[in-house]
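**Student:** Next up is a structure, given as structure tokens.
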Amino acid sequence: MKKEHLEISKEVQEALQNGQPVVALESTIISHGMPYPKNVETALKVEQVVRDNGAIPATIAIIKGTLKVGISAEEIDYLGKQGTLVRKTSRRDIPFIIANKLDGATTVASTMILADLAGIRIFATGGIGGVHRGGALSMDISADLEELAKTNVAVVCAGVKSILDLELTMEYLETKGVPVVGFGTNELPAFYTRTSRLPVDYKVDDVKILAKALNAKWKLGLNGGMVIANPIPEAYSMDPEIINEAIDKALAHAEEQGIKGKHITPFLLAKVESITSGNSLFSNIQLVYNNAKLAAELAKECHYC
Ligand code: PSU
Ligand code: MN
């Protein structure tokens, strides 16, 4: 069935038709999450990691108003070069990006929507959005969380970044019925670090169990996604003191400059990177590769999900 505005690449289309495992990848991480040219290098390598682990990558973005599932290397380069000139596109932006034939970098929320339209159930990224610090008053809660509540796509990520309020994010996900699973860990990983002292709902050590749980969830009509939190490999994890200090400084800069709303996550990521002299970027890249590998392994188990 051809869905309006949606264009699935030939490779991804064939993989889906043949029941091959496919992993969705987002594009906000390319244009807003990392600087050029590291963003492009990383996006291409992530695709390679997915392939090396036996699945087909589908990087998702909106190009000139067309919802694209499976973009080319040239399109990845274009999004990376354009950087923040490409609109960060979450659920509410999609209709206007289409109507005005614009380019859109898809966030976790909108990547889930497009993956779902294409029939892709497994998605790998770095980190999800969440409830921002002070979110109880500002109500700055990422649309990613609502999407996880309703769209049937599992998101493999490295947990929740401590630029956010981890506890409130976990509470919100609980309220919305979104399972948060620790892969090989009892604790919610905090993106740059493996620990946060916050317990996850379930520790799972085997992708077969994840696949069975997803299958059960969706077959029962328990709609919504799942957060599969995969800790950054030990070798690349950061010293909690150093990263937390950098995050506090970045938050202070954001406050001073009055940065709010959709601009805050990209602003904080860039600030943390400069404060840590690029160390956070290095860790960020490594954790994405690690998530791509796990997502490919899960997709192989999950073609019946
Ligand atoms: N976390 C990262 N890098 C990113 C993002 C989050 O480490 O690039 C992006 C993702 O696309 C995520 C979005 O969906 O930020 C969340 O933004 P907001 O809080 O405005 O919904
Ligand atoms: Mn927000």
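**Student:** If we scan the range 162-169, do we find a residue that is under 17 Å from residue 109 (Cα atoms) and modelled with pLDDT of 95 or more?
**Tutor:** Taking every residue of the range 162-169 in turn, at least one turns out to be under 17 Å from residue 109 (Cα atoms) and modelled with pLDDT of 95 or more.
**Student:** Another one. If I ask for residues that are modelled with pLDDT under 95 and surrounded by fewer than 21 Cβ atoms within 10 Å (Cβ to Cβ), which ones from the range 273-305 would you list? Lay out the reasoning, then the answer.
**Tutor:** Keep residues of the range 273-305 that are modelled with pLDDT under 95, which gives 302-305.
Correct list: 303, 304, 305.
**Student:** Quick check on the range 206-246: of everything there that is in contact with an Asp or Glu (Cβ under 7 Å, 6 or more places away or on another chain) and over 20 Å from residue 127 (Cα atoms), which residue is surrounded by the fewest Cβ atoms within 10 Å (Cβ to Cβ)?
**Tutor:** Checking each candidate, the answer is 208.
**Student:** Go through the range 128-184 residue by residue and tally those that are buried (at least 18 other Cβ atoms within 10 Å of the Cβ), over 27 Å from residue 23 (Cα atoms) and more than 14 Å from ligand 2 (Cβ to nearest atom).
**Tutor:** 0
**Student:** Are there any pairs, at least 6 apart or on different chains, whose C-beta atoms fall under 9 Å, with the first in the range 79-95 and among the small types (Gly, Ala, Ser) and the second open to solvent by 20 Å² or more (accessible area, probe 1.4 Å) and part of a helix (DSSP H, G or I), and if so, which?
**Tutor:** 80/38; 80/41; 90/143; 90/262
**Student:** Which residue pairs have Cβ atoms closer than 8 Å, lie 6 or more positions apart in sequence or on different chains, and pair a first residue in the range 279-297 that is over 15 Å from residue 157 (Cβ atoms) with a second residue that is open to solvent by less than 10 Å² (accessible area, probe 1.4 Å)?
**Tutor:** 280/192; 280/243; 280/246; 280/272
**Student:** Return yes or no: is residue 9 of a type outside the set (D, E, K, R) and open to solvent by 20 Å² or more (accessible area, probe 1.4 Å)? Full working, then the answer.
**Tutor:** Working: of a type outside the set (D, E, K, R): yes; open to solvent by 20 Å² or more (accessible area, probe 1.4 Å): yes.
The answer is yes for residue 9.
**Student:** So which residues in the range 96-129 are in contact (Cβ under 8 Å) with a residue 40 or more places away in the chain, closer than 16 Å to residue 4 by Cα and of a type in the set (Val, Ile, Thr)?
**Tutor:** 98
**Student:** Before we move on, is residue 270 farther than 17 Å from residue 46 by Cβ, over 21 Å from the mean Cα position of the chain (by Cα), crowded, with 17+ Cβ neighbours inside 10 Å and modelled with pLDDT of 95 or more? It would help to see each step written out before you state the result.
**Tutor:** Details: farther than 17 Å from residue 46 by Cβ: yes; over 21 Å from the mean Cα position of the chain (by Cα): no; crowded, with 17+ Cβ neighbours inside 10 Å: yes; modelled with pLDDT of 95 or more: yes.
Spelling it out, it is not the case that residue 270 is farther than 17 Å from residue 46 by Cβ, over 21 Å from the mean Cα position of the chain (by Cα), crowded, with 17+ Cβ neighbours inside 10 Å and modelled with pLDDT of 95 or more.
**Student:** Considering each of 63, 29 in turn, give the residue that is at pLDDT 95 or above, within 17 Å of the chain's Cα centre (by Cα) and open to solvent by 10 Å² or more (accessible area, probe 1.4 Å).
**Tutor:** On the way: 63 fails: within 17 Å of the chain's Cα centre (by Cα).
Just a single option satisfies the conditions, and that option is 29.
Okay, residues lined up against (1) in contact (Cβ under 8 Å) with a residue 40 or more places away in the chain; (2) under 29 Å from residue 278 (Cβ atoms); (3) touching a strand residue (DSSP E or B) at 6+ places or on another chain (Cβ under 7 Å):
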residue	(1), (2), (3)
133	yes, yes, yes
139	no, no, no
143	yes, no, no
159	yes, yes, yes
163	yes, yes, no
170	no, no, yes
196	no, yes, yes
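**Student:** If I ask for residues that are within 15 Å of ligand 2 (Cβ to nearest atom), open to solvent by less than 10 Å² (accessible area, probe 1.4 Å) and of a type outside the set (A, V, I, L, M, F, W, C), which ones from the range 108-127 would you list? So that I can check it myself, show each step before the final result.
**Tutor:** Of the residues in the range 108-127, the ones within 15 Å of ligand 2 (Cβ to nearest atom) are 108-110, 127.
Applying the additional criterion that residues be open to solvent by less than 10 Å² (accessible area, probe 1.4 Å) yields 108-110.
Within the range 108-127, 110 is the sole residue that qualifies.
**Student:** Restricting the search to the range 235-283, which residues are small (Gly, Ala, Ser) and either away from ligand 1 (no atom under 11 Å from the Cβ) or not in a helix (DSSP H, G or I) (or both)?
**Tutor:** The initial filter retains those residues of the range 235-283 that are small (Gly, Ala, Ser), namely 235, 237, 246, 250, 252, 254, 258, 261, 270, 274, 277-278, 280, 283.
The answer is 235, 237, 246, 250, 252, 254, 258, 274, 277, 278.
The values are calculated or read from the model by the stated rules, or taken from the named source; none is laboratory data. As the structure is a computational prediction, the values presented were derived from the model and not from experiment. We place every Cβ from the backbone using ideal geometry, glycine too, and count neighbours over all the protein chains shown. Quick note on the areas: whole protein, heavy atoms, side chains included, nothing else; ligands and nucleic acids left out. Shrake-Rupley method; radii C 1.70, N 1.55, O 1.52, S 1.80 Å.
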